[in-house]
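Engineer: Quick one: the structure is below, questions incoming.
Read-outs: derived from the displayed coordinates by stated rules, not from any lab. Predicted model, so just to flag it, every value in this text is computed and none were measured. Here the Cβ positions follow ideal geometry from the backbone for every residue, glycine too, while neighbour counts run over all protein chains shown.
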Amino acid sequence: MANLSLTKKKSIAEEAYVELEKLYVKQEMTLDYSNAWELLVGGILGAQTTDEQVNRVTAVLFKKYPNIEDFANSSFENMMQEINSIGLYRNKAKALIGSAQKILKDFDGKIPTEREALMSLPGVGPKVASLVRGDYYGIPAIVVDTHCGRISQLLGLSNSQNPTIIEKDLMKILPEETWINWGHYLVLHGRKYCKARCRNCLACPLNDCCHYANKKSIQKKITEAKEQQLEDGCF
Ligand code: SF4
């Protein structure tokens, strides 16, 4: 586990962000939504599911259930049927109906902006709360999903496995204006270079600053591979 000084972490984060921005600045977020409720629904449905799967389901769901009231009045059985092509659909159906009912009852039909209020909704944890706050309301927040958590640790920016603690660690290191993008960029980076089971450190543009890649054993492999002009590395 990395135990770097705050100054070192800030320098890694700064360098990594510059590279991430070059790589992903033009890439859009992949969940489809047109208002805060739809983003919240996408976030709830997104647990352990790809954005593509969520978008396939919501394309139909939002036509049949165009507003929060429709979700609140849906039967559990109907909602389960609508979303049963994605994982954890029972819990997610319950969360969607419960969240819609709570928003109508406690928040006057409006999606709250405060983190605690969002997290009081069924199925909404820190990740979905940050997603809605950052992407819809533009309130600086870091979405720590599995990619963001894993890569932030590899870079040496946090030692924790807990998304809430990782988010707090990152907030001390990253400038506020980078928080929203940081989470999105690391999702894209996790798909492209830094997969959970196959890190392509040789090709990764962050390998100069990444704490993991700068460990002696890994650095040796990178150097050797570069010397042999290998284009693909996976270790
Ligand atoms: S250098 Fe390797 S460990 Fe570091 S971010 Fe890139 S792929 Fe991940």
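Engineer: Tabulate in residue order the Karplus-calculated ³J(HN,Hα) for segment 160-175, using 6.51 cos²θ - 1.76 cosθ + 1.60 with θ = phi - 60°, rounded to whole Hz; enter x for Gly and Pro.
Structural biologist: 8, 9, 8, x, 5, 6, 4, 4, 5, 4, 5, 5, 7, 9, 8, x
Engineer: Efficiency by 1/(1 + (r/R0)^6): what FRET value for K215 and N78, r their Cβ-Cβ distance, R0 = 41 Å, to the nearest 0.05?
Structural biologist: Calculated value: 0.20.
Engineer: If I take every Cα pair under 8 Å that is 6 or more residues apart in segment 36-136, average their sequence separation and divide by the length, what percent do I get for the relative contact order?
Structural biologist: The value is 31 percent.
Engineer: Which of the aspartates and glutamates could be linked to K92 by a straight reach, that is with a Cα gap under 13 Å, when you skip same-chain ones fewer than 8 residues away?
Structural biologist: E77, E82
Engineer: Could you line up F71, F76, F62 from fewest to most neighbouring Cβ atoms inside 10 Å?
Structural biologist: F76, F62, F71
Engineer: Another question about this same structure. Could you please rank H184, H211, placing first whichever residue has the fewest other Cβ atoms within 10 Å of its Cβ?
Structural biologist: The order, fewest Cβ neighbours first, is H211, H184.
Engineer: Let me ask something else about it. Peptides 79-91, 37-49: what's the order by average Cβ count within 10 Å, highest mean first?
Structural biologist: Numbers: 79-91: 16.0, 37-49: 22.2.
The peptides rank, most packed first, as 37-49, 79-91.
Engineer: Sorting check: for 109-116, 121-128, 7-14, which peptide has the highest mean count of neighbouring beta carbons within 10 Å, and how do the rest follow?
Structural biologist: Result, highest mean first: 121-128, 7-14, 109-116.
Engineer: Let me ask something else. Round to the nearest 0.05 the FRET efficiency obtained for T7 and R197 when R0 = 41 Å and r is the Cβ-Cβ distance.
Structural biologist: 0.80
Engineer: Right, here's the next one. What lysines does K94 reach when the alpha-carbon gap must be under 25 Å and sequence neighbours fewer than 8 apart in one chain are set aside?
Structural biologist: Straight-distance partners of K94: K63, K64, K102, K105, K110, K127.
Engineer: Fully extended, how many nm does the chain gain between M119 and E224 (0.36 nm per residue separation, minus their Cα-Cα distance)?
Structural biologist: 33.0 nm
Engineer: Follow-up question, since we're still on this one. Using 0.36 nm times the number of residues separating D70 and K172, minus their current alpha carbon distance, what extension gain do you get?
Structural biologist: Additional length available on full extension: 32.6 nm.
Engineer: Between rounded, prolate and oblate, where does segment 36-136 land on the alpha carbon gyration tensor, with a ≥ b ≥ c its root eigenvalues, rounded for a/c under 1.5, else prolate if a/b exceeds b/c?
Structural biologist: Because a/c hits 1.5 or more and a/b fails to exceed b/c, segment 36-136 counts as oblate.
Engineer: Separate question: Let me check against my output: what whole-number percent is the relative contact order of the chain, with C-alpha pairs under 8 Å and at least 6 apart?
Structural biologist: Contact order relative to length: 21 percent.
Engineer: Can you list residues whose amide H is under 5 Å from R199's amide H, if they're 5+ apart or on another chain and H is modeled 1.01 Å from N?
Structural biologist: Residues meeting the amide H criterion: F235.
Engineer: To test your reading of the geometry: what angle, between 0 and 90 degrees and rounded to tens, separates the Cα axis of helix 89-106 from the longest principal axis of the chain?
Structural biologist: That works out to roughly 70 degrees.
Engineer: Can you run phi through the Karplus equation (6.51, -1.76, 1.60; θ = phi - 60°) for segment 37-51 and list ³J(HN,Hα) in whole Hz, with x for Gly and Pro?
Structural biologist: For segment 37-51, the Karplus-derived couplings read 5, 5, 5, 4, 4, x, x, 5, 5, x, 4, 6, 9, 6, 4 Hz, x marking Gly and Pro.
Engineer: I'd like the distance separating the alpha-carbon centroids of segment 95-153 and segment 26-66, in whole Å.
Structural biologist: The distance from the Cα centre of segment 95-153 to that of segment 26-66 comes to 14 Å.
Engineer: With a point put 7 Å past each Cα toward its Cβ, work out how far K110 is from Y137 in nm, to one decimal.
Structural biologist: Computed distance between label sites K110 and Y137 equals 1.0 nm.
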